[in-house]
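The values are calculated or read from the model by the stated rules, or taken from the named source; none is laboratory data. Computed from a prediction, not measured in an experiment: that's the story for all the values here. Here Cβ is always computed from backbone atoms with ideal geometry, including for glycine, and neighbour counts include all displayed protein chains. Just so you know, the surface numbers come from the protein's heavy atoms only, side chains and all, with ligands and any DNA or RNA stripped out. Shrake-Rupley method; radii C 1.70, N 1.55, O 1.52, S 1.80 Å.
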Amino acid sequence: MKHFVITAVGEDRPGIVAGITKVLYEMGFNIEDSAMTRLNNEFAVMLIVSTEEEISEDILREKFSNVEKEKNLLINIREIPEEIYREKEERGEIYNIVVYGGDKPGIVYKVAKLLADRNINIADLRTEKTPEIYVLIAQVEFPENLNLEDLQQEIEKLKDELNIDISIEKVESVEM
Amino acid sequence: MEKFQILTYPDERLKKISQPVLQFDREFKDFVDRLLYTMRNSPAGVGIAAPQVNRHIQTIIVDASQYKHKHNKLNHGLMVLSNPRIIAHDGEIIIREGCLSVPDFTGNVKRHYWIKVEAEDINGNTITFDTEGFEAVVIQHEMDHLIGKLFLDRIASPKDLFRRKVYKK
């Protein structure tokens, strides 16, 4: 099984997703994972795709050249070597983090650094802003040996330093 | 006792509408016993609905008492409810729901925070009670099974659906 990561970015318009997935469908690819969203007026596509066929990056690029021109997209294709591609594994406990405050440079960096320094992995992160308010929402994975009290203290420091609010909530799911 | 096999999506029998319970006889009670056994022997099971085991009758079992959740301050313990109706509701709550019939996903679902429920108990007597928070969510989740709906039908946005941490091959 071969896996590729494909990213595509271009000015938002109808038909970008249809154009890209038509190529994949016709070549018999399976979409394993994807995120596609509009950021401001740009549309961004990120895909992990798989195939049983012996297809190279170059052939895939060639197949996408028409849709790339037609929709004025910047498409990037990279094969994921078999030893790197793997099913996701459980990595500690899942928490939601919401950060908000007055807009200023450095919010994302300082929050991300605080997490990185404690080996907290970011699985998903989005930001939104208005001229005044900045909001960061992230889903993170706490390592098992994490000292929650230390983390809380560091968060309090960062809140004071940046004059922002940070809330952290464990994500629990229930079987029904 | 043997557990029932739980139907998992995309089994189309999960989308069937269930029929009201009219006979609260021995056979019905035996079924409820086995349904309860199935729920108790499923991981972290706080509720189950008859159609999840391919019996399309309007019966649900709910037991929110065993689960620690910040919105689980008030609950009625084990309840067997047939033909449940929500006759009043208020407020909103979002809880990340998992489902025995949808093992690969969890999702954030918006439900009523407070509900007043009318139903028949195990002997067919009509009861009315109100509840809130976690127990109210479990009841609404199980009642959805009776009309062929899954929590996936209630997901509000793409960001509210999550794959389980461990993927099933």
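Some notes on this structure:
- Within segment A:19-88, strands (runs of 3 or more DSSP E) holding 3 or more residues that are crowded, with 18+ Cβ neighbours inside 10 Å and within 18 Å of the chain's Cα centre (by Cα): A:42-51
- Note on segment B:74-92: residues that are closer than 13 Å to B:A64 by Cβ and either at the interface with chain A (Cβ under 10 Å from one of its Cβ atoms) or open to solvent by 10 Å² or more (accessible area, probe 1.4 Å) (or both) amount to 6.
- So A:L115, is it out of contact with any helix residue (DSSP H, G or I) (no Cβ under 7 Å at 6 or more places or on another chain), in a helix (DSSP H, G or I) and in contact (Cβ under 8 Å) with a residue 12 or more places away in the chain: yes
- Residues in segment A:144-167 that are within 19 Å of A:E93 (Cα to Cα), open to solvent by 30 Å² or more (accessible area, probe 1.4 Å), not charged (D, E, K, R) and not in a helix (DSSP H, G or I): A:N145, A:L146, A:N147, A:S167.
- Segment A:52-95 - residue that is touching a strand residue (DSSP E or B) at 6+ places or on another chain (Cβ under 8 Å) and closer than 30 Å to A:E172 by Cα and, of those, modelled with the highest pLDDT: A:Y95
- Selection status of B:N123, among the polar types (S, T, N, Q) and either part of a strand (DSSP E or B) or within 12 Å of another protein chain (Cβ to nearest Cβ) (or both): no
- Here A:Y95, A:Y100 are screened, and the one residue that is open to solvent by 60 Å² or more (accessible area, probe 1.4 Å) and either of a type in the set (S, T, Y) or within 14 Å of chain B (Cβ to nearest Cβ) (or both) is A:Y100.
- Where a residue in segment A:51-64 is more than 17 Å from A:I75 (Cα to Cα) and its partner, wherever it lies, is open to solvent by 100 Å² or more (accessible area, probe 1.4 Å), with Cβ under 7 Å and at least six apart: A:E52/A:M1
- Total residues in segment B:17-55, condition loosely packed, with under 14 Cβ neighbours inside 10 Å, over 17 Å from B:V80 (Cα atoms) and more than 14 Å from chain A (Cβ to nearest Cβ): 1
- Contacts under 8 angstrom Cβ, first residue in segment A:92-108 being basic (K, R), partner open to solvent by less than 50 Å² (accessible area, probe 1.4 Å), 6 or more apart: A:K104/A:Y134; A:K104/A:L162
- Cβ-Cβ contacts under 6 Å between residues 6 or more apart (or on different chains), taken from a first residue in segment B:6-34 that is closer than 18 Å to B:T126 by Cβ to a second residue that is among the hydroxyl-bearing types (S, T, Y) and outside any helix (DSSP H, G or I), are listed as B:V21/B:T59; B:V21/B:S82.
- Applying a threshold of 6 Å to beta carbon distances and a minimum spacing of six or more residues, or different chains, the list of pairs starting in segment A:158-176 at a residue that is facing chain B (nearest Cβ under 7 Å) and touching a residue at least 40 places away in the same chain (Cβ under 8 Å) and ending at one that is open to solvent by less than 40 Å² (accessible area, probe 1.4 Å) and of a type in the set (A, V, I, L, M, F, W, C) reads A:V171/A:I94.
- Taken together, A:V111, A:V49 contain a single residue that is of a type in the set (A, V, I, L, M, F, W, C) and assigned by TED's automatic domain parsing to the domain that holds A:E154, which is A:V111.
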